[in-house]
Amino acid sequence: MQQLQDRFGRRFHYLRLSITDACNFKCEYCLPNGYQPQGKPRHLAADELGRVMAAFSECGTRKIRITGGEPTLRKDFEQIVELAANTRHIDTVATTTNGYRLAECAADWQRAGLQQINVSVDSLDPQAFARITGDSRFDLVLKGIDRALELDYRKVKMNAVLLKEHNGKQLPQFLNYIRDRQVDIRFIELMETGLHHDYFKQHHLPGQQIQQQLLQQGWQLDARDRDAGPALNYSHPDYAGRIGLIMPYAKDFCASCNRLRVSSTGKLHLCLFTEAGIELRDLLGSDQQQPELIARLHSALHGKHETHYLHDGDSGATPHLASIGG
Ligand code: SAM
Ligand code: SF4
């Protein structure tokens, strides 16, 4: 089996698979006007998704994250989790969700094979949460996180996008939340996307500001595994949870890139912020096409660039992250 590898020696064992671009929230930095359907939904059917997962797993993928849009909007979400969990060689099945169904479904999803959950909560203040997401179900989302903890999911993480005016000063609230909860909070620096240049200018908060506060308060950087992705993780003996920082504008951020993305319509994205996607769908119709699909994945990897070009204000062809799966 030949592993997916690019010209810079990076190996890719992590697939982020988007299963829909639709969403029921209206996050200011993603879909501020809500999801606007463009004609009939064209997302991959479960059998096509199964073929994507099988091809990647034959090329060394060991972890699949099911994302979107909001992946749990799909009626067959649980079936897709099961498909991922039953794919040969896959040892970790994760999802990223806004959490609106988590309290109700966490047990069923776990039975289907889901092991890790990232829930997006950009503020622990219910009003700020509602302002950012356009949704008032803050309590339900937090109840879902507690339910996942109760069920002993292997990892429960909270994603918070750093936003100057909304949560820039809320580090104490987040720290308080994880004092006794085994939740890892990932602060994600806001990334500039095609439709949101002005929003980015107004709200971007460099992760280094949080990093400094953490270091001043005795948080320590954890050692990195050889295969670790780009997050920097911090721990503190007085806290049950950890903090991760994702700083895409930091030097060398792309050096540890270990992930590839497939959009809900079947396009391979080598980076969140470069090309418009390499078509795979024409090879997803039958199992007989798997060798050709695998060959296309390998040859596509030669085109992966060393870094993104966000520093130059170039966010590639990505209008917002819901479009290709964040
Ligand atoms: N709907 C799900 C959710 O919100 O968790 C999954 C898809 S969402 C696109 C995945 C992650 O990307 C979320 O944590 C979201 O906050 C983050 N995200 C979206 N747009 C972003 C941006 N412009 N910069 C940084 N993170 C962003
Ligand atoms: Fe929906 Fe997630 Fe985008 Fe928010 S970040 S609008 S929940 S896809």
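The values are calculated or read from the model by the stated rules, or taken from the named source; none is laboratory data. What you see is a predicted model; the values in this text were computed from it and never measured. As a convention, Cβ positions derive from the backbone with ideal geometry for all residues, glycine included, and neighbour counts pool all protein chains shown. Note: areas computed on protein heavy atoms with side chains; ligands, DNA, RNA excluded. Shrake-Rupley method; radii C 1.70, N 1.55, O 1.52, S 1.80 Å.
Evaluate the following for Arg7: is it within 22 Å of Leu268 (Cβ to Cβ) and either within 12 Å of ligand 1 (Cβ to nearest atom) or outside any helix (DSSP H, G or I) (or both)? The answer is yes for Arg7. Checking each residue in the stretch 52-72 for being part of a helix (DSSP H, G or I) and open to solvent by 10 Å² or more (accessible area, probe 1.4 Å) picks out Ala54, Glu58. Close Cβ contacts (under 6 Å, 6 or more residues apart or on different chains) running from residues in the stretch 1-27 that are open to solvent by 10 Å² or more (accessible area, probe 1.4 Å) to residues that are part of a loop (DSSP other than H, G, I, E, B) and of a type in the set (Asp, Glu) comprise Phe8/Glu306; Cys23/Glu70; Asn24/Glu70. The selection criterion, being in a helix (DSSP H, G or I), open to solvent by less than 10 Å² (accessible area, probe 1.4 Å) and either under 17 Å from Ser57 (Cα atoms) or at pLDDT 95 or above (or both), does not hold for Leu268.
A quick yes/no check of all residues on (1) within 16 Å of ligand 2 (Cβ to nearest atom); (2) more than 29 Å from Cys254 (Cα to Cα); (3) more than 14 Å from the chain's Cα centre (by Cα):
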| position | (1), (2), (3) |
| --- | --- |
| Tyr29 | yes, no, yes |
| Lys40 | no, yes, yes |
| Leu49 | no, no, yes |
| Arg62 | no, no, yes |
| Val93 | no, no, no |
| Glu104 | no, yes, yes |
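Looking at Gly244, Gly194, Gly229 in this structure, which one is open to solvent by less than 50 Å² (accessible area, probe 1.4 Å), away from ligand 2 (no atom under 16 Å from the Cβ) and either under 19 Å from Glu28 (Cβ atoms) or in a loop (DSSP other than H, G, I, E, B) (or both)? Matching residue, one of Gly244, Gly194, Gly229: Gly229. Please tell me if Ala45 is of a type in the set (A, V, I, L, M), without any contact (Cβ under 8 Å) to a residue 12 or more places away in the chain and farther than 25 Å from Asn258 by Cβ. Yes. Applying the set (1) within 15 Å of ligand 1 (Cβ to nearest atom); (2) over 15 Å from Arg181 (Cβ atoms); (3) open to solvent by 10 Å² or more (accessible area, probe 1.4 Å); (4) in contact (Cβ under 8 Å) with a residue 40 or more places away in the chain to Asp125 leaves exactly one unmet item: (1).
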